1. Select from the range 246-263 the residues that are among the hydrophobic types (A, V, I, L, M, F, W, C), under 21 Å from Asp59 (Cα atoms) and outside any loop (DSSP other than H, G, I, E, B) and write down the one among them that is most open to solvent (accessible area, probe 1.4 Å).
2. Looking at the range 170-189, is at least one residue at pLDDT below 95, outside any helix (DSSP H, G or I), of a type in the set (Phe, Trp, Tyr) and surrounded by 19 or more Cβ atoms within 10 Å (Cβ to Cβ)?
3. Quick check on my filter: what residues within the range 305-346 are touching a strand residue (DSSP E or B) at 6+ places or on another chain (Cβ under 9 Å) and among the charged types (D, E, K, R)?
4. Of everything in the range 128-168, what is in a loop (DSSP other than H, G, I, E, B) and basic (Lys, Arg)? Give them in sequence order.
5. Which of the helices (runs of 4 or more DSSP H) found entirely inside the range 13-106 contain at least 1 residues meeting this: closer than 19 Å to Ala126 by Cβ?
6. May I ask you to verify whether Leu308 is part of a loop (DSSP other than H, G, I, E, B) and either open to solvent by less than 40 Å² (accessible area, probe 1.4 Å) or among the hydrophobic types (A, V, I, L, M, F, W, C) (or both)?
7. Please go through (1) assigned to a loop (DSSP other than H, G, I, E, B); (2) touching an Asp or Glu at 6+ places or on another chain (Cβ under 9 Å) for Ile279 and return the number of the only condition it doesn't satisfy.
8. For Val58, only one of the following conditions fails: (1) at pLDDT 95 or above; (2) open to solvent by less than 30 Å² (accessible area, probe 1.4 Å); (3) of a type outside the set (S, T, N, Q). What is its number?
Amino acid sequence: MISDETLSDDALRRLPKAELHVHLDGSLRPGTMLELARERGVWMPAGEVGALARYMLVDDAASLEEYLERFALTLAVMQDADALERIAYECVIDHAVEGVDYVEVRFCPLLNTDRGLTADEVLDAALRGMRRAERETPIRSSLIVCALRSHEPRRTLDMAELAIAYRDQGVCGFDIAGGEAGHPVVDHREAFDHAAEANMPITIHAGEGFGPASIRQALDAGHARRIGHGTRLFEDPALLEEVRSRQIPLEVCLTSNVQTRVVPSHAEHPARRYSEVGIPISLGTDNRLMSGVTLVDEYRHARDSLGLTRDQLVAVARSGFEHAFVERETRALLLATFDAKVARLG
């Protein structure tokens, strides 16, 4: 029988979960990365799976920008359709193994066009892999198209148009990621206005590498329905109250926030504070390879470092389904399945 106070490791694995914040190009299996590199003649800094996994784990970054440098290696093996299909397939399968019932995978297709693929072909390949994983497991999956803050606004608009064009083919949302400092969302306002006019759900990375002003712009200029990270929200009490009153969900990524030095430790992360004042939060892995975590690990950190009780962990897990970018009927089905599985946890 599971304690009323907490959830065991086994219960955390069986707890139905939704992953709303995970990057495809940050979540490759190290073994797949090596195999693809050998087949394509791509240099890797290590020739053994364990050694490569250790190299890709970012535990020494001084900032978000340093954390992002490892992506050059993963992207080097993500430039053809076969590789993209396989990586997307494995990403969804890995989530299914961890008790994830629904996952939204995100990436920027422009970064996968260096060897001749079009952005459409990139999306087609990734979606083929995701659909194949769905045929083999009970998991549901969707894709979020990312733009990059450092790109020209015209390219951001291209990605917004791509997301809209693929809305009925597996794309559920639009995002902008990358280094926040010096790259404000307002510069990309045309793209976000266009996405909002098309009623495309928007989530924006904000309040991680830059302060609350980044979150304010995500809401006002970016029409964000969710905020990716939002870690530094507490620095602006008035904005925190607005986020609470508007019930804007935060996609919390505990481990990567420690790695990028946004917070000193898991225990000092403000996620519990946000949850307790009534802001919806969900837990995400961000980049499973660079952070060396699974979603179960992140729930374990929430339990052990933040002290979340059984009821609080269940509420966080349910929040992921409540704020997923899915149609109303799908959400109702996901929540009914969630409640039934939680009842069986004991």
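The values are calculated or read from the model by the stated rules, or taken from the named source; none is laboratory data. What you see is a predicted model, and the numbers here were worked out from it, not measured in a lab. Using ideal geometry, Cβ is built from the backbone for each residue, glycine included, and neighbour counts are taken over all protein chains shown. The accessibility values were calculated without ligands, DNA or RNA, using every heavy atom of the protein model including side chains. Shrake-Rupley method; radii C 1.70, N 1.55, O 1.52, S 1.80 Å.
1. Here the answer is Val258.
2. No, the conditions are met nowhere in the range 170-189.
3. Within the range 305-346, Arg318, Glu322, Lys341 meet the criteria.
4. Arg149 - this is the single residue of the range 128-168 that is in a loop (DSSP other than H, G, I, E, B) and basic (Lys, Arg).
5. 30-40, 71-75, 81-97
6. yes
7. Among (1) assigned to a loop (DSSP other than H, G, I, E, B); (2) touching an Asp or Glu at 6+ places or on another chain (Cβ under 9 Å), the lone unmet condition for Ile279 is (2).
8. For Val58, the exception is condition (1).
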